[in-house]
Structures are given as C-alpha cells and as structure tokens.
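Worksheet: the structure to be examined is printed underneath.
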C-alpha cells in the first residue's frame, strides 16, 4: 500500500518535472506575481471591510441615545495590521509558488523566486507611493536637512520654497535651541514629530555669531530616503527565498513565536532594564545614549535604609509573604475540610452546599468589592478580632482573598477525595479513630498532589495580588509588592523606570522559580481556576 | 494479586452499606454534626464574604451613602429612616436620611456617560472575547496540537506566564512596549524602519486595553481547547487522514465540530469574567486617557465607590452600578449549572458513610 503510494508520488514528481521543463521561467514568475497580487488584494479587501466597520462603531453610541462618540477603534488597528502584513504575505506567496520547481531544480527556483519577489516589491512600492502609505507617509517636517555638531545643529541644506526657506533659514545656520531650551538633533526631531502641520516652532539660530529667534511653521513632507527602500527590497527577496525552502513543519512554530512576540519583548525588556542605566526600546544605553551602560545600581533598593515615606523593601516583602503564605495555609485547610465533608459524608443540605459551591465558582466575586468594604469596616469595630481581621489589616486582606479562592478550592479538593479508595479510611474508622484524626493523619497525606497544586495556585495569587490589598488598605502599612510597584509608577517625583523594573523582577522571582518546577500542575489547575481575571 | 483483593473487599463494603440504616438516631445526629463541623469554616467565610455582601450591596444601592454622610453602621442607617417615636406617635426625622429608594438607578440611567460606558463595555467584551479569549486560544491550541508534544507543552506553559506575573509588573511591561520614542519598544522599530513615531497610548488606547487583557485571557481557553482536542479519538483523525484530507479540512470538519461544547463553555464563562473584571484596565488607563474613553461598567462602579483617587466616594451610586453586574453574575452562574449539567456532578456520594 505504502509502496504503491510512494511510486505514485514519484510518478507525480517526474511528470511535474516535465511540466516545469516546458514552462518558461518568465511564465512561472508571472504566475507567482499574479498569485502574490491576488493575496495583497484579498488582504486589502479585509482592510476595507474593517475601515467600513469603523464609522459604524464610531456612531454606535448614538443608537443608545448618547451624544458621545467612540474616538478610537480596535478595527482600525486590525486594518493597519492587515495592511502591514499584506506585502510580506505577498513575497511569501511568490516564494511558495516556486516550491514544486525547487524539488528538482534548486537554482532555477531561487532565481525565479528572486525575480518574482523583486517584481512584487516594485508593484507593492508603487502602490504605496500612489496611496502615500508605508514609507511614503506624509509626516511633519521643517523641510531642511541638518547634522549634529559640537556647537549645535548645523543646517546643511534648505529645500527651496520649503517652510524653512520661507522662514528665512539659510544653509550654514546653527540651531542651538527651541525658544530658550537647548536642543540636540534627536530632541528637535522628536519635537517636530510630535507637532502637527501648522504648528510653529521658534528656533534659536546663531548666524555669523549673532543669535536670533526664527519662528518656523511645521509643514508636512514625503521624505523619501533610500535606506528603508533598499532594506525593504532585501527583506522582500529574503522572504521569497526562505518561502521556497520553508519546511511545512516549521510553520506552526513560526506562527507561535510570532504571536508571542509582544510578550517575549516585554519580558526581555524587563530583564535588560534591571541591569542597565537606561533603556531605549529594548536596547540598554548609557548616559550619552550609546549602547552599553550596564549597571547594578537598580538593585540598590535591596540595601536601602527606610526613610519616612519609603518603607524598606524587606518590610513590604515580609508583608507580602505573610499574606500569601497565610492565605495559602487557610485556603488549603478550609477547602480540604469542606471537600472532605462533601466527598465522604452524607448530611442534610449536602446537595445544596455542593450546587452552591458550583454557582459561586461561576459567580464573579469582584462585583462584591464595594459591599465587602463595609463588611471589613464592621469587622473592624469588633474588639480584638477587629484589630487583626478588620479593614486595613493583613488578616482582613488575607481572609477576603481566601474567600474568593474557596469555591474553586472546595470543588478541587472534593474531586481529589473522590479519587481516594474508601478502604484505607474504613480500616482507620473501624479501629476507632475519630473522623478528624482519619482526615488529618490518613487522608490528607493521600491527596498530597492536590494540596500541592492548590497551594501553589493560592500562593501565586496571594503573592501577586493587587486589587484587594490596594482597595482594603491605606498607605503602605499592609501593602503588597504589587501595590508598592504601582505606587512607584504613579509617583509624582521623577520615576526611575529601571529601578521599578528591578523591583518587578524581584517580585517575580519566587513565582518564576515555582513556575519552572510546577508548570504541569499550573496548566491543569488554571483550567478550573480562573476567577475574577479575564 | 489485584483480583482476589477486590473479591475480599466486596463483602466488607456490602456489610458497611447494610450497617448504615441500623445506626441509632444519636449516631446519625453525631455524624451530621461532624459534617457541619468540617464545613463550618468554609461556610462562615462564604456567608461573610459572599452572602452578606450580596444583601449589603442591594441595600447600599438604595442609599445615598457618600463621603459626606459616611457611616459603617448599617442598622443605624436603617433606623435613621424609620425611627418611630412611640410616645407621641410621630416620626423623628432630624437624623440624616439615607434611604433614597431607586434614585441611584434613575440617576444611573439618566447619566450622560452611561450609554458610552455601556457601549465601551460591550465593545471591550466582544473584541477581547472573539479575537483573544476564543480566537487566539483556538489558534494556539490548534498550533500546539500539531507540533511535537513536548514543544507544544512548552509553548502552552509559556502562555501561563502572564497570568502569574503580578498585574502591576505586567502592565508596566506593556506601557514600555507602547511608550513614545525613545523609550517605547514598538517606536524603536518604527524608527529603525523609517516609519513615523506613534503615540499609541493617546491614539489607540482600546487596542492596548484589549491586547493586555487578551494576552492573559487566551490561556484559559487554550487549556480547555487543548484538553478537548487531545481527547478526540485518534481513529477519527486517522480516518480523515486515509481519506486524504488536508490539515485545514481536518480542523474544519473533524476537530471544530467536536469542540462545540468547550467553545460554548469558554464563551459563556469568559463573557462573565470580562464583564466584571477591570483590574488591568484600572492599572493601564484607569478609564482614560480621554473622558471615559476606556471606562467599562465594572470600573465605573469601582471608581465611584472605592477609588481613593477621586476624593468624593459615592458608595450608594457605585453600588447601583455594581448591582447590575451582581444580577447578571447570579443569573449566568445559575445558567451554567443548568446548561453544563452540573447536577450530574452533584450526585450522591457513591460510598455510604459509616
């Protein structure tokens, strides 16, 4: 059977080879370019569909009788994304068309793919030029070319009739600032990029040793530089050639990595930022803005002495650990007790309690935050207990988080107890052990994997908790690391992002270690355990 | 070895179930009390943090409680309204009145921004659900099911990472991804490619609200779909392979029809989650950057009642917003139980109690 299939396939290949011998390269390339353009068309139709949806969404609130509008929409972003990937898809299609040919004549396939890729690139670029998109987008410009020197920004060339020319700036002028502020070329470029056409930038210009302020109106221009075009061509050719030899088995991997790219970039930034002076994008830079600037100063918070408003990091870490560990312990104890009763005992109201657990498991507990605020306030008025479990106490925060995890915990524990054979327990009960002793000494050790899974889950959610500690504590007395990090980011004082990143990484470390050792448990438990979060 | 053992145990088990009705009433009562003892801690917490709050929020929504007349004394609030002076048969009204009836709800429906917030909520839930919590989840589980088993597991484990990262750190990462030049990561690529710089936070806040939530939400559906795909009998897939189907045909005609039930589960469960969760929106935009631009219903409830950033907390008005969500939550949670045949799971324990 297999042999026959194989020989059949062989025949197919050889007949295909003959077909390719007859077809000229030009015809092949034409077919490839044609399919590539069809791909672009299909994707652009998608763009148009999303663009059409946009005004619909824009005016949707009016259907609800509102005069307000939606300013920005997700559909536009999807349209833009489609527009961005359309050319790449086209180059890939051009390459894929050469795949059958590559099976018996590699060189010819590469040549044809390069030709097709280049042709598609030219067509796509022409399209972009016509519609003024991609590299031909109009952007704010002063219509002159500048270069950074030690004294200031030297104007190299002024476009005749351009806005800089109208304002009276001449080649050879030295720009030293905007109004009174000193600027470098990159700062000036940023300022221009951020302004709209018609805005006026007052440049401080030094001409023949004399300083004067010249207002220049920002205009828009299509700045065509050769480098992006060349880079684009090379990328097009590379994509086409790679597509020819791309093994089908790699596609899922490539897609998975592509989808994960934002996350990967985010975590890479977190790691890089903690060990560098400053970051631009994900590149670490030193004070001068050049690559480098590796430093450990972001980790100094570990040894910093506490000051009036800034508690020591170790106090906060201890707080977080106390909340997370006590929450884990209480969740494990309470839900295993309840799970045991539901799994092993028959009592009046068992069915009610079980269905209640399930309903609560589906119920979004976050909607009760406002009311729980009053419950905690009232607990706070009870003597003694109130000091430990009221509003603005670690105990109160831990209890609320325990309650939120309970429906899941009880349900999971019941499942684990159901899986334990009855006989072990029976012998202990016949020997006269109490229910509690049987539960504590015989059964709990049996469900150790279940306890481990639930414990890890509870610890991680307690350790990273933000909303509940933030809502039910004032100041930093009972704050967790998450609350502290968010306070740092919204400080009014200048924010040292790299230090916050270091605190963030410090906070992530325990969770990350657990993650490495307990992936399997986590994967299983998160299927049943997403409460509150999206 | 295993067979004789079970043969030995069967009579014992039978004896146990026979013995049960013979117990005295005292024993039964004791067994009941033990059971309640085991349930007591969980029961107390559930009453304290689920049932009392549920009643309390209904009550708060008909009061005008705010920073100006703040009290935690619920009974006092009630009394201040219905206090009868029995001596002179007159009603004392000099204490502040708290109960305002349905005024909060009337105000809510008349609120100028309520339609916008409602629309925002629907838009946010719809986009995140379709594109990420279901769409992306399905794509990831299909992709990881078609590659090497261990590699598939590795990729799925990576998707759990955002869920266990602290919300504050996770949101900080996204802020840096979308920041303006020279700090933003996307804008760095924009610069390198010669594209204009974009202030994503100002221009497209919705995109990032949806992305930030979607990249977390996708993992839930991913896990459910993956276990469903893995439980599809291999015979079915092999049969379609022999028939010469392509990968896409197998997905379309074999896998997807069998995923109908998990799909329904993920859609309903995640709709409710998205409708009520606001933690990441609070951290990322707090409802901004424009006026109520990314504000959703649950965030409004929180901001009105609990956000210390706005000095005047209106617990009564905020509760009215929350009550709407609580009602939706209760109804949908009960629906789950019915639709997903949870009654079968709640069946009697197979083994009788001693």
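Among the residues of the range B:137-150, is there at least one that is in contact (Cβ under 8 Å) with a residue 60 or more places away in the chain, surrounded by fewer than 22 Cβ atoms within 10 Å (Cβ to Cβ) and either more than 8 Å from chain A (Cβ to nearest Cβ) or within 22 Å of residue A:78 (Cα to Cα) (or both)? Spell out how you get there, then give the answer.
Looking only at the range B:137-150, we keep the residues that are in contact (Cβ under 8 Å) with a residue 60 or more places away in the chain, and these are B:137-138, B:140-142, B:144-146.
In the following step, the residues that additionally are surrounded by fewer than 22 Cβ atoms within 10 Å (Cβ to Cβ) were identified as B:142, B:145-146.
Subsequent filtering for residues that are either more than 8 Å from chain A (Cβ to nearest Cβ) or within 22 Å of residue A:78 (Cα to Cα) (or both) retains B:142, B:145.
Yes, the conditions are met somewhere in the range B:137-150.
With modelled with pLDDT under 85, out of contact with any strand residue (DSSP E or B) (no Cβ under 9 Å at 6 or more places or on another chain), more than 14 Å from every other protein chain (Cβ to nearest Cβ) and surrounded by 13 or more Cβ atoms within 10 Å (Cβ to Cβ) as the only criterion, which of A:50, A:20 stands out? Quick ask: steps written out before the conclusion?
Numbers: A:50 fails: more than 14 Å from every other protein chain (Cβ to nearest Cβ).
Residue meeting the stated conditions: A:20.
So, residue A:344, is that one within 27 Å of residue B:38 (Cα to Cα) and surrounded by 22 or more Cβ atoms within 10 Å (Cβ to Cβ) or not?
Details: within 27 Å of residue B:38 (Cα to Cα): yes; surrounded by 22 or more Cβ atoms within 10 Å (Cβ to Cβ): yes.
Yes; evaluated as a whole, the condition is true for this residue.
Name the single residue, out of those in the range B:109-128 being more than 9 Å from chain A (Cβ to nearest Cβ) and touching a helix residue (DSSP H, G or I) at 6+ places or on another chain (Cβ under 6 Å), that is surrounded by the fewest Cβ atoms within 10 Å (Cβ to Cβ).
So, considering only residues that are more than 9 Å from chain A (Cβ to nearest Cβ) and touching a helix residue (DSSP H, G or I) at 6+ places or on another chain (Cβ under 6 Å), the one surrounded by the fewest Cβ atoms within 10 Å (Cβ to Cβ) is B:121.
I'm trying to understand the selection: among the residues of the range B:195-210, which are closer than 26 Å to residue A:273 by Cβ and within 7 Å of chain A (Cβ to nearest Cβ)? First the steps, then the outcome.
Kept after step one, since they are closer than 26 Å to residue A:273 by Cβ, are these residues of the range B:195-210: B:195-205, B:207-210.
Result: B:196, B:197, B:203, B:204, B:205, B:207, B:210.
Can you tell me which residues in the range A:113-154 are in contact (Cβ under 8 Å) with a residue 24 or more places away in the chain and more than 30 Å from residue A:44 (Cα to Cα)?
Answer for the range A:113-154, where residues must be in contact (Cβ under 8 Å) with a residue 24 or more places away in the chain and more than 30 Å from residue A:44 (Cα to Cα): A:142, A:143, A:144, A:146, A:147, A:148, A:149, A:151, A:152, A:153.
Being in contact with a helix residue (DSSP H, G or I) (Cβ under 9 Å, 6 or more places away or on another chain), surrounded by fewer than 22 Cβ atoms within 10 Å (Cβ to Cβ), touching a residue at least 12 places away in the same chain (Cβ under 8 Å) and within 8 Å of another protein chain (Cβ to nearest Cβ) is the requirement here; does residue B:293 meet it?
Numbers: in contact with a helix residue (DSSP H, G or I) (Cβ under 9 Å, 6 or more places away or on another chain): yes; surrounded by fewer than 22 Cβ atoms within 10 Å (Cβ to Cβ): yes; touching a residue at least 12 places away in the same chain (Cβ under 8 Å): yes; within 8 Å of another protein chain (Cβ to nearest Cβ): yes.
Yes, satisfied.
Having 3 or more residues that are surrounded by fewer than 16 Cβ atoms within 10 Å (Cβ to Cβ) and free of Cβ contacts under 8 Å to residues at least 60 places away in the same chain is the bar; report the helices (runs of 4 or more DSSP H) wholly within the range A:380-441 that clear it. Quick ask: steps written out before the conclusion?
Numbers: elements: A:385-389, A:394-418, A:422-430.
Output list reads A:385-389, A:422-430.
Does the range A:495-516 hold any residues that are out of contact with any helix residue (DSSP H, G or I) (no Cβ under 9 Å at 6 or more places or on another chain) and either crowded, with 22+ Cβ neighbours inside 10 Å or over 12 Å from residue B:169 (Cβ atoms) (or both), and which are they?
Within the range A:495-516, the subset out of contact with any helix residue (DSSP H, G or I) (no Cβ under 9 Å at 6 or more places or on another chain) is A:509, A:513, A:516.
Passing the criteria: A:513, A:516.
When residue A:221 is evaluated against the numbered criteria (1) buried (at least 18 other Cβ atoms within 10 Å of the Cβ); (2) within 14 Å of chain B (Cβ to nearest Cβ), which criterion, by number, is the only one it fails?
Among (1) buried (at least 18 other Cβ atoms within 10 Å of the Cβ); (2) within 14 Å of chain B (Cβ to nearest Cβ), residue A:221 violates only (1).
List every residue pair whose Cβ atoms lie under 9 Å apart, where the two residues are 6 or more positions apart in sequence or sit on different chains, the first residue falls within the range B:327-349 and is at the interface with another protein chain (Cβ under 7 Å from one of its Cβ atoms) and at negative phi, and the second residue, located anywhere, is outside any helix (DSSP H, G or I) and modelled with pLDDT under 55.
From the range B:327-349, the pairs are B:337/B:346.
Only one residue in B:228, B:168, B:218, B:181 is at pLDDT below 80 and touching a helix residue (DSSP H, G or I) at 6+ places or on another chain (Cβ under 9 Å). Which one? Spell out how you get there, then give the answer.
Values: B:228 fails: at pLDDT below 80; B:168 fails: at pLDDT below 80; B:218 fails: at pLDDT below 80.
Result: B:181 is the single residue among B:228, B:168, B:218, B:181 that is at pLDDT below 80 and touching a helix residue (DSSP H, G or I) at 6+ places or on another chain (Cβ under 9 Å).
So residue A:195 ticks every box in (1) more than 30 Å from residue A:102 (Cβ to Cβ); (2) out of contact with any strand residue (DSSP E or B) (no Cβ under 8 Å at 6 or more places or on another chain); (3) within 12 Å of chain B (Cβ to nearest Cβ) but one. Which box is left unticked?
Exception for residue A:195: condition (2).
Of everything in the range A:200-224 that's in contact (Cβ under 8 Å) with a residue 24 or more places away in the chain and part of a loop (DSSP other than H, G, I, E, B), which residue is farthest from the chain's Cα centre (by Cα)?
Residues of the range A:200-224 that are in contact (Cβ under 8 Å) with a residue 24 or more places away in the chain, as a first pass: A:201-207, A:211, A:213-224.
If we keep only those that are part of a loop (DSSP other than H, G, I, E, B) as well, we get A:218, A:222-224.
Details: A:218: 35, A:222: 32, A:223: 32, A:224: 32 Å.
The selected residue is A:218.
Given the residues A:375, A:334, A:366, A:325, which is the only one that is farther than 26 Å from residue B:36 by Cα, facing chain B (nearest Cβ under 9 Å) and in a helix (DSSP H, G or I)?
Working: A:375 fails: farther than 26 Å from residue B:36 by Cα; A:334 fails: farther than 26 Å from residue B:36 by Cα; A:325 fails: facing chain B (nearest Cβ under 9 Å).
A:366 is the lone residue from the list that is farther than 26 Å from residue B:36 by Cα, facing chain B (nearest Cβ under 9 Å) and in a helix (DSSP H, G or I).
With the structure loaded, tell me whether residue B:47 is at the interface with chain A (Cβ under 10 Å from one of its Cβ atoms), exposed (fewer than 14 other Cβ atoms within 10 Å of the Cβ), within 28 Å of residue A:366 (Cβ to Cβ) and modelled with pLDDT of 80 or more or whether it fails that test. Give the derivation first.
Details: at the interface with chain A (Cβ under 10 Å from one of its Cβ atoms): yes; exposed (fewer than 14 other Cβ atoms within 10 Å of the Cβ): yes; within 28 Å of residue A:366 (Cβ to Cβ): yes; modelled with pLDDT of 80 or more: yes.
It is true that residue B:47 is at the interface with chain A (Cβ under 10 Å from one of its Cβ atoms), exposed (fewer than 14 other Cβ atoms within 10 Å of the Cβ), within 28 Å of residue A:366 (Cβ to Cβ) and modelled with pLDDT of 80 or more.
In the range A:269-291, how many residues are within 25 Å of the chain's Cα centre (by Cα), surrounded by fewer than 18 Cβ atoms within 10 Å (Cβ to Cβ) and part of a loop (DSSP other than H, G, I, E, B)?
So the count comes out to 1.
Go through the range A:348-363 and report how many residues are closer than 18 Å to residue B:40 by Cβ and either under 37 Å from the mean Cα position of the chain (by Cα) or assigned to a helix (DSSP H, G or I) (or both). Lay out the reasoning, then the answer.
Residues of the range A:348-363 that are closer than 18 Å to residue B:40 by Cβ, as a first pass: A:348-350, A:352-354, A:356-357, A:360.
Okay, now just the ones that are also either under 37 Å from the mean Cα position of the chain (by Cα) or assigned to a helix (DSSP H, G or I) (or both), so A:350, A:352-354, A:356-357, A:360.
Going through the range A:348-363 one residue at a time, the tally reaches 7.
The values are calculated or read from the model by the stated rules, or taken from the named source; none is laboratory data. Since the model is a prediction, treat every value here as computed from it, not as a measurement. Note that each Cβ is placed from the backbone with ideal geometry, even for glycine, and that neighbours are counted across all protein chains shown.
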